[in-house]
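Participant: To start, I am sharing the structure in question, which I have written as structure tokens.
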Amino acid sequence: MKSLNETEKREFAMRILNVLTTNAQAVKAAGVDPSGKAAMLKVLTDEAFAAEDAQIRMEADCRDVTARSRATTQTAYAAASGVVELIIGTIGSDKQLSRELRSLRKAITRGTGTEKVPAAAKPEKKTA
């Protein structure tokens, strides 16, 4: 038997609650008072659906925050690149500072800061 996902589990709880409420008289006639169990299931399913709604809202908020983070990061990066071009254009491209600024972007893509990251080692050949 496959395990149920969250949606299926909530649906099962709702269906059992529906069975208890629509068949309350028959269950009570059989000697079981369904009112306590129905009340419990109502509270639990309401909590489960409320938590699911909160999760959906949080996922949407995370997508919005991620988009804002990417946009502001791109803006900051573009501004920093503009500053580099301004400095190089002002002091001249032959100055040491200009050379360092131009190489900074390449250094960032290879690692952090101006440190050089060694080339990746070749994978070892497997032998039988």
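The values are calculated or read from the model by the stated rules, or taken from the named source; none is laboratory data. Not measured: the values here are computed from a predicted model. Neighbour counts run over all protein chains shown; Cβ positions are idealised from the backbone, glycine included.
Participant: Can you name the number of the only condition in (1) in a helix (DSSP H, G or I); (2) modelled with pLDDT under 95; (3) among the small types (Gly, Ala, Ser) that residue 120 fails?
Facilitator: So residue 120 meets the others, but not (1).
Participant: Consider only pairs whose beta carbons are under 7 Å apart and that are at least six residues apart or on different chains; among these, list those whose first residue lies in the range 13-30 and is of a type in the set (Ser, Thr, Tyr) and whose second residue is modelled with pLDDT of 95 or more.
Facilitator: Sorted first by the residue in the range 13-30, then by its partner, the pairs are 21/38.
Participant: Right, another one. Under 7 Å between Cβ atoms, at least 6 apart or on separate chains: pull out the pairs that start in the range 62-86 with a residue that is under 26 Å from residue 98 (Cα atoms) and end on any residue that is of a type outside the set (Ser, Thr, Tyr) and assigned to a helix (DSSP H, G or I).
Facilitator: Sorted first by the residue in the range 62-86, then by its partner, the pairs are 84/101.
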